[in-house]
Every structure is written in C-alpha cells, then in structure tokens.
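Report on the following structure.
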Amino acid sequence: MFCPHRYRWTKDGMDFTPPHITADKTHHTGGTFVLHNKHLFQFQGKYRCFAFNKLGTAMTEEIELMVPGVPKFPKEDIEPVVVKEGEPIVLKCDPPEGVGTRQIYWMSIGLQHIDQDDRVSMDLDGNLYFSNALQKDSRRDYCCFVSFSKIRAIVQKTAMAVVVKSSEAPPARIPGLLLPSGVQTEKVLLKGGDLRLECIPEGLYVPTPTVNWMKLGEKLPPRTTFNNFGKRLTIPAVDESDQGKYMCTARNSAGEAVHYFDVIVEEPPRWQTGPPRSQLTVIGSDVHVKCSVGGKPPPDITWRRNGEFFQGDCRRVLDDTVVLHNARPEDSAVYQCEASSAHGSILANVNIMVTNVAPVILTSDYREYAVIVGGDVIMNCSVFMITWEICNFSLERFFPLQNGALQIIRAEKDDSGEYVCAAFNMMGDSAVTAVLDVKGNANPTKIVAPPRDVQIVSGTTAQLMCQAEHDKSLRSTFEVVWRKDGEEIPLSFEENSSGTNKKESKCARSLSLSLSAVVILSGIGDERISNCSVQCHLLAEFIVEYEESQWEPGRWRELQKVPGNQATAELALHGHLNYQFRVYAVNAVGPGPPSEPTERYKTPPAAPDRNPENIKIHGHLPHQMEISWEPLLPVEHNGPGLEYKVSYRKLGLEDHWKDHLVKRHSFVVRNTSTFVPYEIGIQSRNSHGWGPEPNVVTGYSGEDVPTAAPQDVAVEVINATVLRVSWTPVPPATVRGHLGGYNVHWSRKRSLLNPNRVFDDRQSLSFPGKRSNAIVPGLKPFAEYRLTVNVFNKKGNGPNSDPVTFNTPEGVPEQVPILTASNSQKDSVLLVWGPPLEANGILVGFLLKYHLINETTLEVVDSREMNITGADSTQWQLRGLEEGSLYRFHVSACTRAGCGPPLAQESATIAPERDGYWWISEAVNTSQSFHVIDGLRPGTVYTVRIMAKGLLDNASIFEDVVQTRVKGERRGIVILRYNFSTHGWVIGTLCAVALLTLVTLMACFVRRNKGGKYAVKEKEDLHPDVESQGMNDDTFCEYSDSDEKPLKGSSLCSLNGNDTVGDSVSRDSLVDYADGEGEFNEDGSFIGEYSGHRHRGSVSEPNRTGPVVA
C-alpha cells in the first residue's frame, strides 16, 4: 500500500495510525507500512490512503484487508439419515471458507468416490442429493472432502450414515424439486460472469425424473451447456441479451414440476467517457466538473473536496456535475468523484487550480492578416479572457470565438485596419494589435499558360509547364498543385515506361479551376496526340461536422448538409454542450479534406427537446409490469439532472395518472392485476425544465398460466391414422395472457389386436392462435387412444381437459418382411413369405400377383393375381407356369381394410432339357466351398465344369462326371464341393516349377492337356450299365480309375455333417433321397453324396451355352 510523502490513513472510516514497530517489522517510510504474519488478524478492515500538500488532498479507493483462517469443519455428531426406499435424501456438506478456489468431493472412508448419475448428484455448494433412495445407498461412511489447492490443504467432514429401509414398491408419484425451493428464484450476476442454474429433482425411482430447460419467449443461446446429468445449465460470459426468465421442468411418467429463474444481468460502476480531467482556470470563470458513470443498477455518486464531503454557497452539485461559479483562488483543491453500487466503486481525483496572475497574451503583436474581398478570416488571440476593440464595424459579421480569436465573415474592403485584442483580470491587463488587409479583385489568381499535351519517345523525359498569376501580397497562401491520375505528385515528376501509356496530370488553382494535361508515352514512330482540355468540377454540397468534448471527445459526426452555392448554415444544436465545427466540400469526384476546426462554442442548458422512444412493456411475473424505453442520447440531455417521469393508469378504468420520477431507463410497477391493459407515458426532464408532452402507449401487466380447460372435447376418426378433434374455446378472461394457442396430447394405450400389449407412447401437437378444432395425424391403426386438450400462453400451459378415449379402425398391414421363390420346376415355383410385423388389424389372407417377364426387354407379357385365404398361410406352390420363363411375384398381406404394400421377388422356371446342352450358373464366390445344382433328371449322367470367370477362353480349372440317383421320379440335385484355395496353391507350385526349368513346364503342360479331355462316351464305356450293377448306398459313389487320381480336397463323397447348404428344395420333395446316410439341413435341403472321375486341364469350348444351375 503506497502514498506520497505526506499522507494519512483511515481504517473503517476512522483515522488510523500505522504501528510504530522496529524497522524490521513494520515500515512506514513514504506512506507505506508493512504488516507481518503474526499481526495480521488485528489489522483486518477497510483502508483508505490520503496524500496531501498545500495544493490539496488526494485519496485512494477503499481497499479491504481480509485474513482468512485455516479452513476446517466443526466437530459434530451427525445423526444417521433413515429413509424408506424410494424417498429422497439430502446430505449437507457446508464447506468452510478458505483462500482461493476449492474442489468438493464425496468419498467413503476408504477414499472411494461415491458414484453419481441422474439419480445421485452434487450441487454447486457441495451438497449430495439422492432423487430416490435404493437399498444399495445404505452405508455409514459418506464423507465430504474439500480441497484448497492454493494452500495445499484438504479437510474432511465427519462421516454420515444413511439407512434405507425396504418397503413395498410405492406407486409412481409426481416429481418435486429438492433444489431450488419454492416456485421462483431471482438470480443476479455481473456482466461477463458465468450463469449457472440448477434443478435437482426428486421422484420415484421408476423412472427417475428427467430435467429439461428453456428460456421463456426466446431460444437458449448456442453457447449453453448442460452438466451434472442435465440438472445444471451453464451460460458463460453473460451479457444483457441473456437476461430474462428461465424455466426448468422435472418430468416422469406421473407428472412434472417446474421452477422459474428470473435472471438479472448487472454490471459494476464504469466510466462512460473516462474519468474527469483536471482543469486550470482563471479567477472569475465558471468551472464544471462532470463525473460520467454508468452501471446497473445506476451507481450513487458522492463528491468530496480534499477528501471531505463538502457543502458551500458558491458550489452546486447537479446530479453528476459540480459547478464552481465565479471561481476564486480558494476554490483550488482536489475534488473526488466516487461512484459506488453493490458491485463495487470507482474513484477519480480531479485537480482544479484557479490562477491569480495577470493575463499573458501568447499571440505576437502587430501580426498581419490578408483576405480577398468576400472571404472569411480568423485573427488569433491566445489568452484566457479577452475583449476585442474595433471601431465602426457591424456585429452581424464579427464573431468573437471562445478561444479568443475573432472571426470576420464576408470581408469587405472597409474592414481593413488595426484590431486590438485586450485581456484583463483583477491582477492586471494586456493587449496586442492585429493588422487586416482586405484585397480587391484587381489581381485575381489565374492560369495564363496551361500545360499542353505532348508526345515523347518511350524512355525520355516529359515536361509539362503551368504558368499562373496571383496577388503578390498573397504569396504565402499561393500554391501550385500537380496531380497524376487524381493523386498529388511532386512538382518534379519523371517516369520511365515502355509501350503505350496514358497518364493524366492536373494543375489547379485552389477551389476554383482545374486544368488537365494528357501525356502519351508511345514507341518510336507513334504520332497520336490528344487535345488539351480544361476541367471545372462544380461543388455539389458542403458537409458540416461537429465534435463535442463532454460525451464523445475527438469523434466527429455529420450535423448538416449545405448546398454548394451557399457559404453559411444555420445549425440546430443541443444545449449544455461544448461544440467545435468543421466543413468539407463534396463534388462529383468525391469529398475534399475538412477545414480546420472552429473554436469551441458552448451552448447554454435547456429543457430536453424530445421524450424517450421505443417504449416496451413486459410482464415476466404475474403481478408486475416492467416498463423499459430507449433513453435519450447523452448529447440530447440539454442540461444536467436528466430524469424520466413514468406515468401509468388502467385503460378505461382510472382517470388519474400515477407518476414516478426515475433516472434509469426502466421501471417496474408492482402489485398489479394479472394481464390488465395500462396506458403508459414517458416524459423527460432536467434541471431546466420538462420535455414535450409524451405520447401514450398501451401495454399489459404480467401474464400467468391459464386457469380453465377446454370443454366439450370430441373426436372424429377420419381414417385409421388421422382424426379431427374439436373443443369449446376457453373464456378469454381465463387465459390470463396473450393467447398462444392450444395443445393436443394423445397417447396409445393398447392394441385392439392384442389387448395384453400395453403402450405408453405420448405425443402432442401445438396449434397456435384462436381455434376450436384441429387435425391430428400419425395415429396407429386398430388401437385404443386417450386424448386431452389444453390452452397455453407465454407463461405456460393451462390445465388439461377431461380425457377422451377412442379407437382407431383397422388399417392395411405393413409389408411382408421376406419373400423367397424356390424349388423351381418346369411349370411351378414354391413361394415362401413371412407374416407382416404390424398387421394393423385382423389378417384375412394374402394377395399374390405374378407377372410373366420378357427376358430381353424386361417388359411384362402377362399378369395374373389370386387371393390366398388364411391368416396363417406362409407358402404357396404356384403351378401352371410356362417352362424356362422369368416371373416376378408380388405378395401383400390383407385385412378387412385392404391390402398392404407388396414385396417383390423374381424367379425362373426350368427350361426343357436336351442332351449335349450346357447350362451356365451365376458367378460363384471363390470363398465358397460347395455349390448346389438342383432340377436334374434322376439316373442321368452329367458333366460339370468349373470355369475361371474373367480368365482366357478354354480355361477350365475343374471338370467332373457325375450321375444322379434313379430312385424316385423327382429331379435330383448335385452338390459340387471344391476347394479353390487348394487350386491356387497348385497353380502357384506349377509357376514355381516353370521358373526352374522349361522342360518341366512343357511336360506338365502336355500332361495337363492329356488328362483334361474326357468324353461322356468314354465314361459310359467304363460303366456300360449303371443300373445293372445293383447300385446301393455302399457303392453309389465308387468309380474305379486306376490311371487318374481325383483332385485333392475335391471329393464329393467326403461331405461331413457340419456342412450346410442354403438350398430352396422343400423337405417333402427330397424324402426319396434320404437313403441311408443322406442328410437334411435346417431348411429341408438335401446334401447328397456323389463321386466320379475328376480331370484337370483345359477342355474344349462347348458348342452352345444355356442356363446352368450350379
């Protein structure tokens, strides 16, 4: 703490003398004293330092010395908290105060953190809340720990015990709020701070209530965050726009609870235009010291003189201004302006020195001034108080300025002569003489030899000549200006260039004449020359600007526009301001530079010229009305002591106005009736009178939630998903606010198809405005619903109407989830589908549509449909189809209301078979280890090849000859098993061998070709009569071949029981194949066992191709 050499201290408003202890303990040299640790507690308090000398006393702002102790919890015996299961629990922490920030934790004695979730949470003060108690919450060591990082200390509260007694499952109950209490909370915080609002609910544990947040009348700002499982709302760095009413809603299945937060954003005192400045003045002048401060709420201003509250006859305190009239030397002092509110204070020391010396004129004596007839001139005289002495002149054209200068406008020839500036006070006087010479029009300024266009060779120098004549006595103000392309250039200008360039320069007589010369730079031989031209830009207008030193010093603002043919202007000014003015001209080219500012001109104070505008009436609370308006600008005050008179009365009910005088630009009318119209007027006034009569506006007092519910609620079911609901509107008086509209709430209770299936899906729609019916879409067919209606305004929702229960009719079913076409035969296909997930009614059957498709054009050739009765039908064997044709099938489920959307599937019937005819399957994934071929004739020999898709022609990687079984008349199937990964390894081995020796490669190639050709006829020779061999289950898969070995891993007789085949053949069609060791998989497909000779190598390309099922 520091003060100048002569000083004094106060502590808690009383004089205080620092202790005179030895130098190594307390130092007080130069106004500073030092306190050591062992003496700190006795020095707690609020201090001020006063520094003084013979010119006055300055003072500091008040500072507070606080000495916190070591934080600790008090020793106490805490009774156990005993509750029943489902009841709420609150464990208080009450953390001690300490130095710096603190962190609060809830842990057990073993330092295990207490888990927190949407049911268990901690508030900002460290208290632990249980929305509903569970058996697992019972324990004896709930401990609150507080950490102070600045002093590196952690303190612990005595452990608390919680006992939760078991009870029967309580019924669901409407939630409540453990924090905060009551219905509404007022939250006041400073601008720039962080807004934190908390709502911690309590309610039955099935389910724990959830918390939602909203701002009434507005959306929450984007920077809003939600913490503590949605129970805490945080808005950082708040400003005025974040002020308003917030609402939290705790909701569960039994109901909801709400709490309102009235958030008010205030700010500490601040300087609006900076602290007041010190002043040096002379005896007899008036001194104004203005303390321009702002803040919310408006701070209180106190004045001191040399540190003491002052009063006196020669001083006036006008709100935020101190006026010293006819100042005397004894008024020299240090004046203190202190603005304070609940959020702090600011202080300024203002040095006022009133001099008592004789005036000294700083302007030189016999200074000469020259002006042309009709022009204006200002003759300077720099001193405090002056008087100009001139004989025989008209006061209409002579204006003494505030800074001592004398201005003469529209000078005439007779104005030439000597002028005396005299300055005096009680200590003496002084004077200087100024000589004015008014010039006639005999020797005007003019350009006699303008510049000419020139043509030069690129790289050489161009010279432009401009000769002008002027009055020799005005030599000091004469100037020749050159401009190139609109920009001023030095008188000596040189430029090197190449190619063709066109440059423009100007020679101008100030404010009147401009002459352009065009310079053409071209290559050698170019003789183009431009004519010389004279340009004269007429002035379009003058702009008068002003600057005032009280509110916005240094900032120039436009005041008035004056036509270009005028040289004077009458200005409308505000009172009680210290003005200076300047003018700049504007023409077609643009604005010119501004003139030098005039001397200061102070306007006298006057009553306000206008009243506040943009009056707004709000009603955030039911029994009050908030009135706000746009205040007058500081320059519009017209004098000190600005106030506003707020007048109001009930519209049509009261004759007399109620008036209140306020300094802020808002006012709250309390104890009003709910939502009543008022007439409001705002009139401004200051110390010099009232403003004009105010305009009257109409507004309403605060709203409240509606009290009545809509009556006669009825529903009209339009179809299975849409209904019309109607009601009788509530009486306007029960709305208690501006009608927002009506909410329709509905919930599906149960399904009529399955009464045991209970729902709890709630929905609602808002319909704004005054209305008595609405259309509700999105219902589910064949269900029981419950519906209510309520009215709402800006404050909230009114009570719900009596519930109406209704049923929706049957609707069409949803799409069947799956449709497959399998077991394709020459003239039939087996269709299998699943029932719809939502029948939306009682199923009566299915609709089957099937279309014959042209495989070339994909157009529909023929269409048919059939109804399949029976709600449990899930398959259909469709017969009478054409052989080898593509069909598209559509299946849809049907109720009495109609059929739902169909599901499509395509499949083809089997074409007639011919010997030597090849079928080609779809592509087979290389990761697949088998493939099923169905639709074969029993007892028939087939050749099966596996071709590498995308390789060169004639590239066969596998060939086998198999024979289907004879037993039964149904078509057989073949399961082809082949290991592609083994084939890749063999190819890789062959490639490696080819790289080692060319001979080995050729030998392998010959051997491959020889073994790859195996005709069906040769195979039949090996087995001339298969049936005569007495095939049985033991010999069915045995072919003898002593020369060629089967491919490794490709045997069809080594099927194991773990293989599954996704075949579509139905179970009853394969009974004849289940002979001995045959197997069926889960979907009824048969896995047969076949064996035969297998050949590697290339095979000849078949003569024709056809469909192959593989």
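The values are calculated or read from the model by the stated rules, or taken from the named source; none is laboratory data. Keep in mind that what you see is a predicted model, and the values were worked out from it rather than measured. Glycine gets a Cβ as well: all are built from the backbone with ideal geometry, and neighbour counts include every protein chain shown. Side chains are part of the model used for accessible areas, which takes the heavy atoms of the whole protein and leaves out ligands, DNA and RNA. Shrake-Rupley method; radii C 1.70, N 1.55, O 1.52, S 1.80 Å.
Taking the conditions (1) modelled with pLDDT of 95 or more; (2) open to solvent by 70 Å² or more (accessible area, probe 1.4 Å) in turn, Ser149 satisfies each one other than (1). Reported count of residues in region 74-93, each being touching a residue at least 40 places away in the same chain (Cβ under 8 Å), under 20 Å from Leu197 (Cα atoms) and surrounded by fewer than 18 Cβ atoms within 10 Å (Cβ to Cβ), is 1. Scan region 288-299 and tell me whether some residue there is in contact (Cβ under 8 Å) with a residue 40 or more places away in the chain, open to solvent by 50 Å² or more (accessible area, probe 1.4 Å) and over 26 Å from Gly619 (Cα atoms). No, region 288-299 contains no residue that is in contact (Cβ under 8 Å) with a residue 40 or more places away in the chain, open to solvent by 50 Å² or more (accessible area, probe 1.4 Å) and over 26 Å from Gly619 (Cα atoms).
Scanning region 712-736 for residues that are open to solvent by 50 Å² or more (accessible area, probe 1.4 Å) and either in contact with a Pro (Cβ under 9 Å, 6 or more places away or on another chain) or not in a strand (DSSP E or B) (or both) yields Val717, Ile718, Asn719, Thr721, Thr728, Pro729, Pro731, Pro732, Ala733, Arg736. The set of residues in region 843-902 that are in contact with a Gly (Cβ under 9 Å, 6 or more places away or on another chain) and under 12 Å from Leu819 (Cβ atoms) comprises Phe846, Thr874, Ser892, Ala893.
Against the conditions (1) out of contact with any strand residue (DSSP E or B) (no Cβ under 7 Å at 6 or more places or on another chain); (2) buried (at least 17 other Cβ atoms within 10 Å of the Cβ), where does Trp746 fall short? Just the number, please. With (1) out of contact with any strand residue (DSSP E or B) (no Cβ under 7 Å at 6 or more places or on another chain); (2) buried (at least 17 other Cβ atoms within 10 Å of the Cβ) applied to Trp746, the lone miss is (1).
Can you find a residue in region 119-137 that is surrounded by fewer than 20 Cβ atoms within 10 Å (Cβ to Cβ) and either at positive phi or among the small types (Gly, Ala, Ser) (or both)?
no
Per-residue answers, yes or no, for (1) at pLDDT 90 or above; (2) on the phi < 0 side of the Ramachandran plot; (3) of a type in the set (Lys, Arg); (4) open to solvent by less than 80 Å² (accessible area, probe 1.4 Å):
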| site | (1), (2), (3), (4) |
| --- | --- |
| Glu168 | no, yes, no, no |
| Pro180 | yes, yes, no, yes |
| Leu197 | yes, yes, no, yes |
| Pro207 | no, yes, no, yes |
| Leu216 | no, yes, no, yes |
| Gly230 | yes, no, no, yes |
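Against the condition open to solvent by less than 30 Å² (accessible area, probe 1.4 Å) and at pLDDT below 80, how does Gly898 come out, does it pass? Here the answer is no, as Gly898 does not meet what is asked.
Filtering region 760-787 to residues that are under 35 Å from the mean Cα position of the chain (by Cα) and small (Gly, Ala, Ser) leaves Ser764, Ser766, Gly769, Ala774, Gly778. Residue count for region 324-345, restricted to those that are touching a residue at least 60 places away in the same chain (Cβ under 8 Å) and farther than 18 Å from Pro298 by Cα: 4. Among the residues in region 245-267, are any modelled with pLDDT under 95, open to solvent by 60 Å² or more (accessible area, probe 1.4 Å), outside any strand (DSSP E or B) and in contact with a strand residue (DSSP E or B) (Cβ under 7 Å, 6 or more places away or on another chain)? No, region 245-267 has no match at all. When Glu76 is tested against (1) touching an Asp or Glu at 6+ places or on another chain (Cβ under 6 Å); (2) part of a loop (DSSP other than H, G, I, E, B), exactly one condition is not met: (1).
Among the residues making up region 160-193, those that are small (Gly, Ala, Ser), under 29 Å from Leu134 (Cβ atoms) and not in a strand (DSSP E or B) are Ser166, Ser167, Ala169, Ala172, Ser181, Gly182. Listed by first and then second residue, the pairs linking a residue in region 348-368 that is touching a residue at least 12 places away in the same chain (Cβ under 8 Å) to a residue that is exposed (fewer than 12 other Cβ atoms within 10 Å of the Cβ) and not aliphatic (A, V, I, L, M), with Cβ atoms under 6 Å apart and 6 or more places separating them unless they lie on different chains, are Val354/Pro329; Asn356/Pro329; Ala358/Gly428. Entry remark, region 152-166: residues being open to solvent by less than 50 Å² (accessible area, probe 1.4 Å) and not β-branched (Val, Ile, Thr) number 5 in total. Restricting the search to region 208-227, which residues are of a type in the set (Lys, Arg) and assigned to a loop (DSSP other than H, G, I, E, B)? Correct list: Lys219, Arg223. Checking each residue in region 697-742 for being more than 23 Å from Ala783 (Cα to Cα) and of a type in the set (Phe, Trp, Tyr) picks out Tyr700, Tyr742.
Within region 834-863, how many residues are touching a residue at least 60 places away in the same chain (Cβ under 8 Å) and closer than 16 Å to Trp876 by Cα? Residues meeting the conditions: 0. The residues of region 557-596 that are open to solvent by 60 Å² or more (accessible area, probe 1.4 Å), assigned to a loop (DSSP other than H, G, I, E, B) and closer than 30 Å to Gly641 by Cβ, listed by number, are Glu570, Ala572.
Here region 783-804 is the region considered, the condition is being under 17 Å from Ser751 (Cβ atoms) and in contact with a Leu (Cβ under 8 Å, 6 or more places away or on another chain), and the residue that is most open to solvent (accessible area, probe 1.4 Å) is Glu784. Among residues of region 597-618 that are among the polar types (S, T, N, Q), those with a beta-carbon under 6 Å from a residue that is open to solvent by 60 Å² or more (accessible area, probe 1.4 Å) and not in a loop (DSSP other than H, G, I, E, B) at least six positions away or on a different chain give the pairs Asn614/Glu630. The strands (runs of 3 or more DSSP E) located wholly in region 307-359 that include 1 or more residues which are of a type in the set (Asp, Glu) and open to solvent by less than 30 Å² (accessible area, probe 1.4 Å) occupy 333-341. Here region 459-475 is the region considered, the condition is being at pLDDT below 70 and not in a loop (DSSP other than H, G, I, E, B), and the residue that is least open to solvent (accessible area, probe 1.4 Å) is Leu474.
If you go through region 367-386 and keep only what is modelled with pLDDT under 55 and open to solvent by 60 Å² or more (accessible area, probe 1.4 Å), you end up with just Met385. Consider region 400-412 and keep the residues that are surrounded by fewer than 16 Cβ atoms within 10 Å (Cβ to Cβ) and modelled with pLDDT of 85 or more. The one that is farthest from Ser285 (Cα to Cα) is Glu412.
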